[in-house]
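Read through the structure below, which is laid out as structure tokens, and then see the notes.
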Amino acid sequence: METSATLPHFIEQIQIGDMLDLKSSYLSPYLKQLEALRLIERRLPATIPREQRRTSRNSRYHLADHYLRFYYRFIAPNLDLVEQELTNVLWQRIAEQFRAFVGLTAFEELCREWTLTQARADRLPFPPEIVSSHWSKDVQVDVVAIAWREKQILLGECKWGDHPVSRAVITELVEGKTSKVLRGLPDKGEGWTVHYAFFARSDFTGAAQAEAGKVNARLVNLEQLEHDLATDREYRR
């Protein structure tokens, strides 16, 4: 749950308690009420087994409303500029952080939504039980789809940069992050099959496409993302 421009796009319960000078356990009923009102949502890493999800404390709270996200990121910290009608300065502040705001919130969520639409249409390599993201002390992955029974997992990386995604992004996920994610699974990921997807605002370099081809990864640019999501929404009407 964002509360200022200096905080990330999520916040954990213990951080909320520290900010309000309250014990985090005291906040639980209030957070549940905000969840019931759909103002916030509690998210868990996709890699937490189903039987542990109700009791796991490894959760993060996010503002569910896009307007509130924008307000608390850009308007609330700059109310003095609004009151003095210093709109040029305000727009400059927004412009400085807007790219990161889109990349860390809207684009990643659209990529997870795209993954869900592909799952519903049976276009993923396996039928996942959950689509979310993964985070731990040493690794974070933007998009994760997982099927516990079949021991299959899809890992996805989202890049909102202006330039085509490079080969290094592919190798970082495949050769670096994958082993860290698998270590957190039961039996340290033994016997699991890993699939990959990469999402780009623009496109992918030739070297990135060649590297992705080695692991049969899905490459999705913004144009395809928009088309597929629009098609799915039209179909579901």
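Bear in mind these aren't lab numbers, they're just calculated from the coordinates by the rules spelled out. Treat the numbers as computed from the prediction; the structure is a model and nothing was measured. Glycine also receives a Cβ, built like all others from the backbone with ideal geometry; neighbour counts cover every protein chain displayed.
For this structure, a couple of remarks:
- In straight-distance terms, cross-link reach from LYS32 covers every one of the lysines whose alpha-carbon lies under 28 Å from its own, apart from those fewer than eight places away in the same chain; here that gives LYS23, LYS137.
- Given (i) 55, 39, 30; (ii) 76, 51, 25; (iii) 56, 41, 40, the label whose value is Cα extents along the principal axes in Å derived from this model: (iii)
- log10 of Debye I(q)/I(0), alpha-carbon scatterers only, for segment 104-236 at 0.17, 0.19 Å⁻¹: -0.90, -1.12
- Look at the alpha carbon pairs under 8 Å that are at least 6 residues apart: their mean separation over the length of the chain gives a relative contact order of 15 percent.
- Stretching the chain fully between GLN84 and LEU68 yields a gain of 3.6 nm (0.36 nm per residue, less the alpha carbon separation).
- Cα-centre dipole for segment 104-236 with unit charges at Cβ (Lys and Arg positive, Asp and Glu negative), debye to 20: 380 debye
- Length-normalised contact order of segment 28-128 in % [C-alpha pairs under 8 Å, at least 6 apart]: 15 percent
- By the helix-only formula, in which each DSSP H run with n ≥ 4 contributes -39500 (n - 2.57) and the sum is divided by residues, the chain has a 222 nm mean residue ellipticity of -11000 deg cm²/dmol.
- When DSSP beta bridges are restricted to pairs lying wholly in the chain, around 55% turn out antiparallel.
- For peptides 116-126, 147-157, sequence by mean Cβ density within 10 Å, most packed first: 147-157, 116-126
- Considering only alpha-carbon pairs that sit under 8 angstrom and 6 or more positions apart, the relative contact order computed for segment 104-236 is 22 percent.
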